[in-house]
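A.B. asks: Quick one: the structure is below, and I'll ask about it shortly.
The values are calculated or read from the model by the stated rules, or taken from the named source; none is laboratory data. Nothing here was measured: the structure is a model prediction, and the numbers come from that model. When we count neighbours, we look across all protein chains shown, and the Cβ atoms used for this are built from the backbone with ideal geometry, even at glycine. Remember, those area values only see protein heavy atoms, side chains included, never the ligands or the DNA or RNA. Shrake-Rupley method; radii C 1.70, N 1.55, O 1.52, S 1.80 Å.
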Amino acid sequence: MRLEDFWGVGPKTATRLRDALGESAAIDAIESADVRRLVDAGVTRGRATRILRRAQGGAGMDLLATRDARNVYDDLVGRASSYAITAHAADRIRVLTPLTDREAQQSRLDDVVAARDAWEELTDDERTAVIDAFEAYDGAESARPAAVRAALALREAGLHGETFAALDEIDEGALADAASALEALDAGDGVARGTDEELDRLRDRLAAAEELEGSAFDVIDTVRERGVRDLAEFRGAFVEYVASETDLTRGEVTAATADDAVDAADFVSTSLRALVADLRERVDKREADVRADLEADVEEVREDVERAVEAVDDIAVALSLGRFAAANDLTRPTLVEDGLAVEAARNLSISDPQPVSYGIGTHSLSSPTGDRVAVLTGANSGGKTTLLETLCQVTVLASMGLPVPAEAAEIGRFDSVVFHRRHASFNAGVLESTLKTIVPPLSREDRTLMLVDEFEAITEPGRAADLLNGLVSLTVDRDALGVYVTHLADDLSPLPEAARTDGIFAEGLTADLELNVDYQPRFGTVGKSTPEFIVSRLVANARDRTERQGFEALASAVGEEAVQGTLSDARWSK
């Protein structure tokens with residue numbers, strides 16, 4: 001396989017990766033979903049993420065059949081990655097994709113639920129220990145020893161259970177020695193200083209000798225200042241001075257002195273050059289011996305080291321997803337063959353939302369069962385679009401093998417999720433592009449979920465009702481599932497037997513003139529848009545008399561008595 005064979009890797013990106021990493025290493029980075037290596041190679045993080053998503057789960061990404069569905073997915077992985085305990089874990093979460101295999105979904109759910117439970121069981125001190133361990137790992141320049149130290153910190157914190165099972169069998173004492181050895185071996189300029197006292201002494205002596213070699217004329221002047229009268233005295237004074245400056249014995253210096261020098265300058269430069277060469281050879285030999293000993297220490301526990309390095313990254317991802325699940329009170333969904341149903345579901349994009357129960361298809365929860373399509377009607381600003389988004393969030397999370405924001409959920413198999421938000425435009429191009437996006441998944445033999453919001457916003461109401469009738473019928477005929485939000489319920493032809501109409505109702509205004517909505521749909525009932533409530537609020541909030549008169553004219557059109565009644569109720573409530 002060539003780099004250009006990967007989705008999103010064009011000639012420029014391929015050249016950049018080859019120059020920075022080489023063909024083989026770049027392919028390995030893509031196949032192992034290593035965002036960090038791609039970014040370090042000069043690929044922007046956004047492009048790297050998109051490339052890896054397709055490389056890791058191209059078929060899974062096909063689930064997201066519309067731009068709005070992909071936006072929901074992007075929002076979810078962004079939210080999940082914000083709970084990551086390492087930068088690498090955040091990168092790995094960003095490239096998680098929907099899974100096409102049920103066993104893979106169940107397996108990831110097992111891991112994330114176990115991680116959520118493990119995180120919730122930790123004390124504050126234990127959580128701090130975990131975060132500190134991973135922060136140290138995240139900030140380390142050398143990954144292997146830092147990963148081993150992180151693994152040891154997790155063990156020292158007393159963390160056990162399924163999430164940490166990969167660390168259960170490691171020999172902590174041997175692994176600690178291996179960590180020290182790895183830190184010594186992974187130093188950028190050879191074996192790390194402080195590893196071996198003899199090696200450090202030899203390095204210091206070599207450095208001192210090199211400094212003297214670099215200032216040979218100063219050495220000559222210093223030795224002559226000692227009052228030497230001939231070459232023999234000069235030799236002795238030189239040996240004494242160099243020995244004192246390098247912490248070498250007189251014998252070690254004498255062994256390196258020149259025997260056939262023609263003058264003092266020749267003697268000093270030749271002698272110092274020989275001394276430096278001898279010391280460098282001794283340093284190299286000592287370093288080789290120390291390195292061999294260190295590598296032997298690591299080799300003795302190589303399996304534990306590799307297990308720790310691999311486990312720490314996996315544990316970081318699992319705990320990050322567990323934190324996401326714990327913070328948002330996510331629960332494990334039941335994965336079924338057909339149907340989509342939620343009990344007390346919440347939208348993750350809204351702070352403190354009213355939980356909602358809803359369902360279509362065959363399921364065992366409290367909502368009506370057996371209907372392939374629901375036509376959702378009701379109040380303006382009544383949460384209909386939010387409900388569609390909630391169903392999309394739940395479906396996408398479950399497809400990724402992640403818990404969902406609901407007390408209970410049953411999620412069927414889907415090949416395509418068609419989530420279409422309201423886009424207000426009567427432009428013929430918008431209608432055509434919308435139909436070309438949402439109809440093909442229904443036309444194939446895919447298991448499709450249709451979540452379509454106010455289709456009438458892109459064409460005139462009469463024709464929109466005809467098109468919506470067609471979409472509802474096609475959804476039923478194809479044995480797909482769908483929820484269609486509309487204000488045209490009264491204009492629709494009789495729905496197919498496998499379709500129902502639900503309604504969301506506004507019950508007036510609060511004392512603060514906010515719309516008082518019961519966001520829980522009422523099944524089998526057409527909801528009303530209740531424009532009088534909106535007009536009532538506009539009348540009450542008018543900035544001046546002229547503006548108020550304009551809104552009062554609208555009140556007459558929608559029902560002045562209803563508007564006055566709404567305002568009266570709000571004032572009485574206040």
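A.B. asks: If the Cβ limit is 8 Å and pairs must be 6+ apart or interchain, which residue in the range 230-257 that is within 20 Å of residue 283 (Cβ to Cβ) pairs with which residue that is among the aliphatic types (A, V, I, L, M) and part of a loop (DSSP other than H, G, I, E, B)?
C.D. replies: Filtered contacts from the range 230-257: 242/248.
A.B. asks: Ok, one more. Could you list, in sequence order, the residues of the range 163-175 that are surrounded by 14 or more Cβ atoms within 10 Å (Cβ to Cβ) and not in a loop (DSSP other than H, G, I, E, B)?
C.D. replies: Within the range 163-175, 163, 164, 166, 167, 174, 175 qualify.
A.B. asks: I would also like to ask the following. Which of (1) at pLDDT 85 or above; (2) under 30 Å from residue 268 (Cα atoms) is the odd one out, the single condition residue 122 does not satisfy?
C.D. replies: Every listed condition holds for residue 122 apart from (2).
A.B. asks: Please go through the range 10-35 and pick out each residue that is on the phi < 0 side of the Ramachandran plot, over 17 Å from the mean Cα position of the chain (by Cα) and assigned to a loop (DSSP other than H, G, I, E, B).
C.D. replies: 10, 21
A.B. asks: Check 308, 288 and return the single one that is on the phi < 0 side of the Ramachandran plot and without any contact (Cβ under 8 Å) to a residue 24 or more places away in the chain.
C.D. replies: Only one candidate passes the filter, namely 288.
A.B. asks: Show me the helices (runs of 4 or more DSSP H) entirely contained within the range 191-293 in which 2 or more residues are open to solvent by 80 Å² or more (accessible area, probe 1.4 Å).
C.D. replies: 197-213, 216-224, 231-246
A.B. asks: Here is a further query. Where residues in the range 89-110 are charged (D, E, K, R) and surrounded by fewer than 17 Cβ atoms within 10 Å (Cβ to Cβ), which of them is nearest to the chain's Cα centre (by Cα)? Can you show your working first?
C.D. replies: Start the filter on the range 89-110 by keeping residues that are charged (D, E, K, R), which leaves 91-92, 94, 101-103, 108, 110.
From the residues that got through so far, the ones that are surrounded by fewer than 17 Cβ atoms within 10 Å (Cβ to Cβ) too are 101-103, 110.
Details: 101: 21, 102: 22, 103: 22, 110: 19 Å.
Per the stated criteria, the residue is 110.
A.B. asks: Here are the criteria: (1) touching a residue at least 40 places away in the same chain (Cβ under 8 Å); (2) assigned to a loop (DSSP other than H, G, I, E, B); (3) crowded, with 17+ Cβ neighbours inside 10 Å. Tell me which single one residue 362 does not satisfy.
C.D. replies: (1)
A.B. asks: Can I ask one more? Which residues, counting only those in the range 1-44, are touching a residue at least 40 places away in the same chain (Cβ under 8 Å) and loosely packed, with under 14 Cβ neighbours inside 10 Å?
C.D. replies: Hit for the range 1-44 is 7, nothing else.
A.B. asks: Look through the range 308-322, keep the residues that are surrounded by fewer than 23 Cβ atoms within 10 Å (Cβ to Cβ) and not hydrophobic (A, V, I, L, M, F, W, C), and return whichever of them is nearest to residue 387 (Cα to Cα).
C.D. replies: Top of the filtered list is 314.
A.B. asks: Kindly indicate whether residue 188 is in a loop (DSSP other than H, G, I, E, B), of a type outside the set (S, T, N, Q), modelled with pLDDT under 85 and under 34 Å from the mean Cα position of the chain (by Cα).
C.D. replies: It is true that residue 188 is in a loop (DSSP other than H, G, I, E, B), of a type outside the set (S, T, N, Q), modelled with pLDDT under 85 and under 34 Å from the mean Cα position of the chain (by Cα).
A.B. asks: Quick one: which residue in 181, 258 is of a type in the set (A, V, I, L, M, F, W, C) and under 30 Å from residue 299 (Cα atoms)?
C.D. replies: After applying the criteria, what remains is 181.
A.B. asks: Next question. Report, ordered by the first and then the second residue, all pairs with beta carbons closer than 7 Å, sequence separation of six or more or different chains, a first member in the range 370-396 that is within 18 Å of residue 408 (Cα to Cα) and without any contact (Cβ under 8 Å) to a residue 60 or more places away in the chain, and a second member that is part of a loop (DSSP other than H, G, I, E, B) and among the hydrophobic types (A, V, I, L, M, F, W, C).
C.D. replies: From residues that are within 18 Å of residue 408 (Cα to Cα) and without any contact (Cβ under 8 Å) to a residue 60 or more places away in the chain, the pairs are 395/414.
A.B. asks: A further question on this structure: If I filter the range 366-380 for residues that are open to solvent by 10 Å² or more (accessible area, probe 1.4 Å), assigned to a helix (DSSP H, G or I) and among the basic types (Lys, Arg), do I get at least one hit? First the steps, then the outcome.
C.D. replies: Let us first name the residues in the range 366-380 that are open to solvent by 10 Å² or more (accessible area, probe 1.4 Å), namely 366, 368-372, 380.
Right, trim to assigned to a helix (DSSP H, G or I) and you get none.
No, because not a single residue in the range 366-380 is open to solvent by 10 Å² or more (accessible area, probe 1.4 Å), assigned to a helix (DSSP H, G or I) and among the basic types (Lys, Arg).
A.B. asks: Could you tell me which numbered condition residue 160 fails, if it satisfies all but one of (1) within 26 Å of residue 301 (Cβ to Cβ); (2) open to solvent by 30 Å² or more (accessible area, probe 1.4 Å); (3) assigned to a helix (DSSP H, G or I); (4) not aliphatic (A, V, I, L, M)?
C.D. replies: Condition not satisfied by residue 160: (3).
A.B. asks: Can you find, within the range 441-478, the residue that is farthest from residue 399 (Cα to Cα) among those that are modelled with pLDDT of 80 or more, surrounded by fewer than 16 Cβ atoms within 10 Å (Cβ to Cβ) and under 35 Å from the mean Cα position of the chain (by Cα)?
C.D. replies: 443
A.B. asks: Which one is nearest to residue 294 (Cα to Cα), of the residues in the range 137-157 that are open to solvent by 40 Å² or more (accessible area, probe 1.4 Å) and not small (Gly, Ala, Ser)?
C.D. replies: 144
A.B. asks: Within the range 258-285, count every residue that is among the aliphatic types (A, V, I, L, M) and free of Cβ contacts under 8 Å to residues at least 60 places away in the same chain.
C.D. replies: 8
A.B. asks: Pick from the range 70-81 the residues that are closer than 22 Å to residue 438 by Cα and buried (at least 22 other Cβ atoms within 10 Å of the Cβ): which of them is farthest from the chain's Cα centre (by Cα)?
C.D. replies: Among those that are closer than 22 Å to residue 438 by Cα and buried (at least 22 other Cβ atoms within 10 Å of the Cβ), it is 72.
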